[in-house]
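Colleague: The structure is given below, and queries will be raised subsequently.
The values are calculated or read from the model by the stated rules, or taken from the named source; none is laboratory data. Note that this is a predicted model, so its numbers are computed, not measured. Positions of Cβ are generated from backbone atoms using ideal geometry, with glycine treated the same way; all protein chains shown enter the neighbour counts.
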Amino acid sequence: MGRPKQFDPDAAVARATEVFWRKGYADTTPQDLVDALGIGKGSLYNTFGSKRALFERALEHYRDNQSTTVTELLEQPGPVKERLRAALLLVAETNLADPDRRGCFAVNTAAALGGADAEATEQVRRMFDRTESAFQSAIEEGQRAGEIARGRDSRATASMLLSTLIGMQVLSKTAEGPERSMRTIDAVIDAL
């Protein structure tokens with residue numbers, strides 16, 4: 001009979017997510033993971049199979065815990081434009097509050113691995129698609145309520161909002177303050 005695991009695999013995935021988020025997939029070594037998780041290499045490989053498999057679990061963890069925040073905010077009751085503004089503000093404030101300026105794990109992964117790594121590209125695409133779909137649903141709700149012009153293409157507008165959100169994630173890595181993000185948010189919401 002094998003020894004029981006001396007660690008919580010879900011907690012280990014959460015810690016690994018932080019390492020991959022901070023360093024990126026390519027710059028994260030198995031030793032970085034072992035150190036962060038407080039386990040031996042044997043336990044790492046026995047539990048997760050490989051660095052790559054753990055990275056995929058980290059992306060799933062991020063999707064389930066971080067990237068759903070915007071979607072959940074958009075699904076709240078209240079005026080749609082206020083919810084759209086709140087979602088973009090949340091992203092800006094979260095990024096600016098992070099002293100390490102990590103940005104978004106999904107955006108970072110897209111920039112580093114997009115197009116070169118089919119599985120990572122697909123995982124990130126699904127995250128982006130889900131966010132864009134939430135934007136589109138909110139826009140269509142706003143159109144039904146008369147807050148947003150009915151003639152506006154809801155899918156194109158959702159794509160614009162997603163692109164704005166992603167751009168804000170990248171820009172936040174070098175931002176000295178909130179001014180650019182606030183101007184961007186105001187302009188995008190006013191354009192609706």
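Colleague: May I ask you to list pairs of residues, at least six apart or on different chains, whose Cβ atoms are under 8 Å apart, with the first in segment 12-34 being over 15 Å from residue 103 (Cβ atoms) and assigned by TED's automatic domain parsing to the domain that holds residue 58 and the second being at pLDDT 95 or above and outside any helix (DSSP H, G or I)?
Modeller: Taking only residues 6 or more apart or on different chains, the pairs are 19/28.
Colleague: Filter segment 57-84 down to the residues that are surrounded by 17 or more Cβ atoms within 10 Å (Cβ to Cβ) and either of a type outside the set (A, V, I, L, M, F, W, C) or touching a Lys or Arg at 6+ places or on another chain (Cβ under 9 Å) (or both) and list them by number.
Modeller: Across segment 57-84, the qualifying residues are 57, 61, 62, 63, 67, 71, 73, 74, 81, 83.
Colleague: If I filter segment 56-72 down to residues being in a helix (DSSP H, G or I) and hydroxyl-bearing (Ser, Thr, Tyr), which single residue comes out as farthest from the chain's Cα centre (by Cα)?
Modeller: Selected residue: 71.
Colleague: Please enumerate the residues belonging to segment 161-183 that are among the β-branched types (Val, Ile, Thr) and surrounded by 13 or more Cβ atoms within 10 Å (Cβ to Cβ).
Modeller: Across segment 161-183, the qualifying residues are 164, 166, 170.
Colleague: Also: Mind telling me which of the residues 88, 96 ends up being among the aliphatic types (A, V, I, L, M), within 30 Å of residue 145 (Cβ to Cβ), in contact (Cβ under 8 Å) with a residue 24 or more places away in the chain and in the same structural domain as residue 168 (by TED's automatic domain parsing)?
Modeller: Sole residue among the options that is among the aliphatic types (A, V, I, L, M), within 30 Å of residue 145 (Cβ to Cβ), in contact (Cβ under 8 Å) with a residue 24 or more places away in the chain and in the same structural domain as residue 168 (by TED's automatic domain parsing): 88.
Colleague: Given the residues 26, 53, which is the only one that is loosely packed, with under 15 Cβ neighbours inside 10 Å and not in a helix (DSSP H, G or I)?
Modeller: 26
Colleague: Right, another one. If I go through segment 35-49 residue by residue, how many of them are within 30 Å of residue 169 (Cα to Cα) and either in the same structural domain as residue 102 (by TED's automatic domain parsing) or touching a Leu at 6+ places or on another chain (Cβ under 9 Å) (or both)?
Modeller: Qualifying residue count, segment 35-49: 2.
Colleague: Taking segment 35-64, which residues are touching a residue at least 40 places away in the same chain (Cβ under 8 Å) and not aromatic (Phe, Trp, Tyr)?
Modeller: Answer for segment 35-64, where residues must be touching a residue at least 40 places away in the same chain (Cβ under 8 Å) and not aromatic (Phe, Trp, Tyr): 47, 54, 56, 57, 58, 59, 60, 61, 63.
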